[in-house]
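Colleague: First, the structure itself, so that you have it in front of you.
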DNA sequence: ATGGTCGGCAACCGA
């Protein structure tokens, strides 16, 4: 089973990447974040030739999540249980005996703003969500853009970036709070080196070429799945590609 | 080096 996550930063403007990628890589599951498209405008026509099932929840300008699957997904739901107004940050589906939870964790904006506390609270509520809907001895995948770097080796300049809303003590503790429910970071299970990133800020000149990146996208698996993960890798964008995203594909293969 | 990015979508906001 091949599982993938990708922050698209607008699905419609990334179709030239996503559609060929589905055709050539043929994942079983592709989780998308920041689709930035309302449900009524979802690009069904462009995706139809791929043959993938699509479930999604979007908003007019921001957020938006989708799960694309080869087989028909079951038990589809959106949002945290108590949060119908911010449903476009979480999509859930059961695929091939595995529960998939795709999240776009709030970025947090600034540590002094209410958005930051909202981010921390959101992660606490996500832990409660897993307690309610799943068990750590079952096959569960939590994946997506978590807007959090777990460790120093997950950012290009840990001294300078310490205190950023995606790399600070509060966020590390909140992320650990969810992981302690029963998740293994499957990329780190296979690779312990610094310098492997999934995000390079557009605003930084030549960030990708200089590898000034962050590891903000994850595939987290419960132990029964993590021990069946054979490979996990970051599929870096081609530098020559017109309109790349600032995030990239994170791929994991499981023997299930 | 006194600027430098995107996307949505129509004036800025969010990342």
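Colleague: Checking residue A:164 against (1) at pLDDT 95 or above; (2) under 23 Å from residue A:24 (Cβ atoms); (3) more than 18 Å from the chain's Cα centre (by Cα), which test does it fail?
Modeller: (2)
Colleague: Next question, about the same structure. Among the residues of segment A:164-179, how many are in contact with a helix residue (DSSP H, G or I) (Cβ under 8 Å, 6 or more places away or on another chain) and more than 17 Å from residue A:118 (Cβ to Cβ)?
Modeller: 1
Colleague: Within segment A:201-225, track down each residue that is part of a helix (DSSP H, G or I) and crowded, with 19+ Cβ neighbours inside 10 Å.
Modeller: Within segment A:201-225, A:225 is the sole residue that qualifies.
Colleague: Give just the number: which of (1) touching a helix residue (DSSP H, G or I) at 6+ places or on another chain (Cβ under 8 Å); (2) farther than 20 Å from residue A:98 by Cα; (3) surrounded by 18 or more Cβ atoms within 10 Å (Cβ to Cβ) does residue A:193 not satisfy?
Modeller: (3)
Colleague: Pairs, please: C-beta under 8 Å, at least 6 apart or cross-chain, first residue in contact (Cβ under 8 Å) with a residue 60 or more places away in the chain and in segment A:56-67, second more than 8 Å from DNA strand B (Cβ to nearest atom) and part of a loop (DSSP other than H, G, I, E, B)?
Modeller: What qualifies is A:65/A:35; A:65/A:58.
Colleague: Return the total of residues in segment A:29-51 being closer than 26 Å to residue A:200 by Cα and more than 16 Å from DNA strand B (Cβ to nearest atom).
Modeller: Total satisfying the criteria: 3.
Colleague: Can you pull out every residue in segment A:171-200 that is touching a residue at least 40 places away in the same chain (Cβ under 8 Å), touching a strand residue (DSSP E or B) at 6+ places or on another chain (Cβ under 7 Å), part of a loop (DSSP other than H, G, I, E, B) and away from DNA strand B (no atom under 16 Å from the Cβ)?
Modeller: A:183
Colleague: Can you list the strands (runs of 3 or more DSSP E) lying wholly within segment A:72-134 that have 1 or more residues being within 15 Å of DNA strand B (Cβ to nearest atom) and under 22 Å from residue A:6 (Cα atoms)?
Modeller: Of the strands (runs of 3 or more DSSP E) lying wholly inside segment A:72-134, those with at least 1 residues that are within 15 Å of DNA strand B (Cβ to nearest atom) and under 22 Å from residue A:6 (Cα atoms) span A:90-95, A:98-104.
Colleague: Going through segment A:6-28 one residue at a time, which ones are out of contact with any helix residue (DSSP H, G or I) (no Cβ under 9 Å at 6 or more places or on another chain), within 14 Å of DNA strand B (Cβ to nearest atom) and touching a residue at least 40 places away in the same chain (Cβ under 8 Å)?
Modeller: Across segment A:6-28, the qualifying residues are A:7, A:9, A:13, A:14, A:16, A:17.
The values are calculated or read from the model by the stated rules, or taken from the named source; none is laboratory data. If you're wondering where the values come from, they're calculated on a predicted model, not measured in any experiment. Cβ sites come from the backbone with ideal geometry, for glycine too, and all protein chains shown count toward neighbours.
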